[in-house]
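See below for the structure under consideration.
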Amino acid sequence: MQRTFRLGVMLLAGLAAPVCVVASTQVASAHSGTAEEQSACTPDVLSLCFWQIPNEDKIVACLNKNIDRLSPECRKVIAGDDDTKNSRRSKK
């Protein structure tokens with residue numbers, strides 16, 4: 001029983017890894033945020049909002065819905081931390 005479970009987990013991990021790589025590449029290339037914002041939120045997107053990829057609007061809605069579960073870095077991006085807003089304005 002354990003052997004079958006381990007084999008299933010390994011098979012799932014083997015199939016999921018390439019999907020995650022492709023999905024994270026699509027999210028990074030399609031996202032209109034800065035590289036720092038993308039870096040802050042990519043792990044949260046992959047863990048909480050994976051099924052919304054590649055629709056950016058749905059990803060943002062999902063992140064907002066799960067704001068209490070986000071990493072502190074991504075929460076700052078989604079909540080619109082003043083430092084994040086100021087850094088965006090200064091780059092324009």
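A short reminder: the numbers here are calculations on the coordinates, not readings from a lab. Just so it is clear, the structure is predicted and the values come from calculations on it, not from any experiment.
Explain nothing, just compute: Karplus ³J(HN,Hα) = 6.51 cos²θ - 1.76 cosθ + 1.60, θ = phi - 60°, for every residue of region 62-70 in order, whole Hz, x for Gly and Pro.
Calculated HN-Hα couplings, in order: 5, 5, 5, 5, 9, 4, 5, 9, 6 Hz.
By how many nm would the segment from LYS58 to LEU46 grow when fully extended, if each residue of separation counts as 0.36 nm and the alpha-carbon distance is taken off? Each step should come with its number before you reach the end.
Values: separation 12, 0.36 × 12 = 4.32 nm, distance 1.31 nm.
Gain on stretching LYS58 to LEU46: 3.0 nm.
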